[in-house]
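Since the structure comes first, as structure tokens, the remarks are kept for the end.
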Amino acid sequence: MIYLDNNATTKIDERVLEEMLPYLKEDYANPSSMYDFAKKPAAAIREARVKVRDFLGAANEKDIYFTSCGSESANTAIKGVLNCNREKRHIITTKVEHPAVLNTYKEFEKNGYEVDYIGVNSQGELDIEELKSKLRKDTALVSVMYANNETGVIYPVEEIAEYIKSKSPDTRFFVDAVQAAGKIPINVKETKIDLLGISGHKFHAPKGIGALYVKPDVRFTPLINGGHQERGMRAGTENVPYIAAIGKAAELAQEALSYELKEVTRLRDKLEEGILKNVFNARLNTGVKNRVPNTSNIGFEYVEGELILLHLSDLGICASSGSACTSGSLEPSHVLRAMGVPFTALHGSIRFSLSRFTKESDIDFVIEKMPDIMKKLTSISPFQEELEVLRKRRG
Amino acid sequence: MWEYSEKVLEHYRNPRNVGKIDDADLIGEAGSLACGDSLKLYLKLDGNIIKDAKFQTFGCGSAVASSSILTEMIIGKTLEEAKKITNKDIAEELGGLPQEKMHCSVMGQEALEDALKKYYGKEEIEEEAGLPKSGDKIVCTCFNVTENQIWEAIKVNGLKTVEEVTNYTKAGGACGRCKGLIKDIIDTYYKKEVKEEVLTPTQKILKISKVIDQQISPQLQKDGGDVELIDVEGNKVKVKLTGMCSGCKNATMTLKSFVESVLKDKVDANLEVEQV
């Protein structure tokens, strides 16, 4: 199997699995208990918090709160901050956020908040000037993802943070960094970001664990009320094995960053070049340099995405698509639509996302097979004349 | 991951009858590139028998499989037989489709209908399917779905909820603004069906009489006229206009656009009113 869908989820690193196993087996004590038996789990949480602190470049480990997933991190940040600042009723976000964020703002919009959604250009880059122009005195929260999950485009969150704080110091700034963590260096203490969320399973921890960074002076309310865990900001008995796992995964991802930036980028670029060279109806939906190393989004014109995925799957290749048919929602990707990707390529857009486990031979295999798949699938398409024009244009 | 049947897998992997018939006698189209799937169906006739069929599809696995199996189903059939094929038959032949993918089978049926319309004429095909006369109206502007398409999907598949209609026709699947309209169409359809099924001839006469007494007469009386039920023969309702109505120049209009339309709406859409 060739797994090129690492923006959906990743394989658990063996070393991460080793790290969590003791807490699923013998060391099952509740870390809040007073006996010696609870010491190991309690220490595991402390260590994990330090590791995630270092991974995100936070100043203190108490700035890190463990959650169950990226969506919980986002919901805690957004709802928690808005609850503490009820006079301000204006929010700025982007059109291309993950649904976990976007749908949360849609709810606030229904409840009387005014939300500005900032657009992107055809390369998926954020319109920073538009964002700046929307900032107002009553803007409670600005929210921009660190990197886009579908295109991999990185947004200048540090610059945005600087601008917000220079104009409106009370406005909070939340960054959904789920697709950036483990792919590019993050160093929150060097920035004016107030809150930042991550998800473990995007960097080789298991599903079911996330974390939220909150700057020390930023007030927020908990999403889940109850016990004293996470300093009263996230109740519920700590999920010790998974917390240990995200700590270990963070440590390993930090170590692998230079490999990610160099080698994964090289493999991704090789994949893009190979496909564009050999497949006449392929187009890069975005080719900007400023992308996370592992993500590529390619549109195959006049062919539908799910059909491509099924044929890839028949060859053991896993990828994903922005097409309507794969989501069950009937609508194609909101990100690609915000970019204005033409209909001819929109429904046939495929996202390949690599990881540090991707092998050169995996990439070679996909490059080799893609022309055959496209030859077969374009022959079924009713748009033969349009395809012929493309074929001629490519020579 | 969808749960596709073995047959769907077989047909998207090895679609039958792919391509174009250059001298096709009938061509049917459905869907569009913008909406994410479209199908072109080519038929070659020998008399009224479909001698050959080919297709070209832009769409997902189940759209290709639906198109492919449809060509197999119609080759060798007479046009009369092909006319009877519904989306349900296509889905069944494929060993079933996931609910969210039923619209692929509907696209197959629509392309076939579109081809047959060119042979039989639009009116006949629509009348046979029992579609509302005003049904060309677009209900879902995101996916260009007409009232007729929704009506037919409800009728063929026994759809009861808006979500089911979305699964079968895509209508309501994007902005969702037409969901209220879809609900109305579902309600209208079932009201109509209940009326047609339940009423015995005697019940029908009683109901007509009640509607005239309670809803039609009072309105006419306001203008100094009235109407009297004389007889009901099958779907023919014989009435007599009285009072001011009897000599009125607009009597025929009153009869058709008021008396008849109220009875059609409240009792049975097939009723015809005539004056005796």
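Give the residue, chosen from A:Ala253, A:Ala245, that is surrounded by 14 or more Cβ atoms within 10 Å (Cβ to Cβ), under 17 Å from the mean Cα position of the chain (by Cα) and assigned to a helix (DSSP H, G or I).
Working: A:Ala245 fails: under 17 Å from the mean Cα position of the chain (by Cα).
None of the other options fit; the residue is A:Ala253.
Keeping to the stretch A:285-304, report how many residues are more than 14 Å from chain B (Cβ to nearest Cβ) and of a type in the set (D, E, K, R). Talk me through it step by step, then tell me what you get.
At the first step, the residues of the stretch A:285-304 found to be more than 14 Å from chain B (Cβ to nearest Cβ) are A:285-298.
Narrowing further to those that are of a type in the set (D, E, K, R): A:289, A:291.
Number of matching residues: 2.
Given the condition part of a loop (DSSP other than H, G, I, E, B) and under 30 Å from A:Phe357 (Cβ atoms), answer yes or no: does some residue in the stretch A:82-91 qualify? Working first, answer last.
Residues of the stretch A:82-91 part of a loop (DSSP other than H, G, I, E, B): A:84-89.
From the residues that got through so far, the ones that are under 30 Å from A:Phe357 (Cβ atoms) too are none.
Checking the stretch A:82-91: not a single residue is part of a loop (DSSP other than H, G, I, E, B) and under 30 Å from A:Phe357 (Cβ atoms).
List the number of the failed condition for B:Leu39; all other conditions in (1) within 14 Å of chain A (Cβ to nearest Cβ); (2) assigned to a helix (DSSP H, G or I); (3) not hydroxyl-bearing (Ser, Thr, Tyr) hold.
Of the numbered conditions (1) within 14 Å of chain A (Cβ to nearest Cβ); (2) assigned to a helix (DSSP H, G or I); (3) not hydroxyl-bearing (Ser, Thr, Tyr), the odd one out for B:Leu39 is (2).
Which fully enclosed helices (runs of 4 or more DSSP H) of the stretch A:285-349 have 1 or more residues being hydroxyl-bearing (Ser, Thr, Tyr) and surrounded by 16 or more Cβ atoms within 10 Å (Cβ to Cβ)?
On the way: elements: A:305-314, A:324-327, A:334-338, A:343-346.
Because the criterion is at least 1 residues that are hydroxyl-bearing (Ser, Thr, Tyr) and surrounded by 16 or more Cβ atoms within 10 Å (Cβ to Cβ), the helices (runs of 4 or more DSSP H) in the stretch A:285-349 that meet it are A:324-327, A:343-346.
From the list A:Ala338, A:Ala282, which one is more than 15 Å from A:Leu4 (Cα to Cα), touching a Lys or Arg at 6+ places or on another chain (Cβ under 6 Å), more than 12 Å from every other protein chain (Cβ to nearest Cβ) and in contact (Cβ under 8 Å) with a residue 60 or more places away in the chain? Walk me through how you get there before you give the answer.
Values: A:Ala282 fails: touching a Lys or Arg at 6+ places or on another chain (Cβ under 6 Å).
None of the other options fit; the residue is A:Ala338.
Within the stretch A:305-325, restricting attention to residues that are of a type outside the set (A, V, I, L, M, F, W, C) and free of Cβ contacts under 8 Å to residues at least 60 places away in the same chain, which residue is nearest to the other protein chains (Cβ to nearest Cβ)? Give the steps one after another, and end with the answer.
Applying the first criterion (of a type outside the set (A, V, I, L, M, F, W, C)) to the stretch A:305-325 yields A:305-306, A:311, A:313-314, A:316, A:320-323.
Filter again for free of Cβ contacts under 8 Å to residues at least 60 places away in the same chain, leaving A:305-306, A:313-314, A:321, A:323.
On the way: A:Gly305: 8, A:Glu306: 4, A:Ser313: 9, A:Asp314: 7, A:Ser321: 10, A:Ser323: 7 Å.
Once the filter is applied, the top-ranked residue is A:Glu306.
Looking at the stretch B:21-30, can you tell me whether even one residue there is part of a loop (DSSP other than H, G, I, E, B), closer than 25 Å to B:Tyr168 by Cα and either of a type outside the set (Asp, Glu) or more than 11 Å from every other protein chain (Cβ to nearest Cβ) (or both)? Quick ask: steps written out before the conclusion?
Looking only at the stretch B:21-30, we keep the residues that are part of a loop (DSSP other than H, G, I, E, B), and these are B:21-25.
Now drop any that are not closer than 25 Å to B:Tyr168 by Cα, which leaves none.
No, the conditions are met nowhere in the stretch B:21-30.
Which pairs have Cβ atoms under 8 Å, sit 6 or more apart or on different chains, and link a residue in the stretch A:352-373 that is touching a residue at least 12 places away in the same chain (Cβ under 8 Å) to one that is basic (Lys, Arg) and surrounded by 23 or more Cβ atoms within 10 Å (Cβ to Cβ)?
Partner pairs satisfying both residue conditions: A:Phe352/A:Arg268; A:Leu354/A:Arg268.
Among the numbered criteria (1) surrounded by fewer than 24 Cβ atoms within 10 Å (Cβ to Cβ); (2) within 21 Å of B:Cys142 (Cβ to Cβ), which single criterion is violated by B:Lys101?
With (1) surrounded by fewer than 24 Cβ atoms within 10 Å (Cβ to Cβ); (2) within 21 Å of B:Cys142 (Cβ to Cβ) applied to B:Lys101, the lone miss is (1).
Residue by residue, here is whether (1) within 15 Å of the chain's Cα centre (by Cα); (2) part of a helix (DSSP H, G or I); (3) more than 14 Å from chain A (Cβ to nearest Cβ); (4) not basic (Lys, Arg) holds:
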residue: B:Lys44; (1), (2), (3), (4): no, no, yes, no
residue: B:Ser66; (1), (2), (3), (4): no, yes, no, yes
residue: B:Glu80; (1), (2), (3), (4): no, yes, yes, yes
residue: B:Ile90; (1), (2), (3), (4): no, yes, yes, yes
residue: B:Gly96; (1), (2), (3), (4): no, no, yes, yes
residue: B:Glu100; (1), (2), (3), (4): no, yes, no, yes
residue: B:Val106; (1), (2), (3), (4): yes, yes, no, yes
residue: B:Glu126; (1), (2), (3), (4): yes, yes, yes, yes
residue: B:Gly135; (1), (2), (3), (4): yes, no, yes, yes
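Read-outs throughout are calculated quantities, based only on the coordinates presented, and are distinct from any laboratory measurement. On a predicted model such as this, the values are computed, not experimentally measured, just so you know. With ideal geometry, Cβ positions are generated from the backbone for all residues, glycine too; neighbour counts draw on all protein chains shown.
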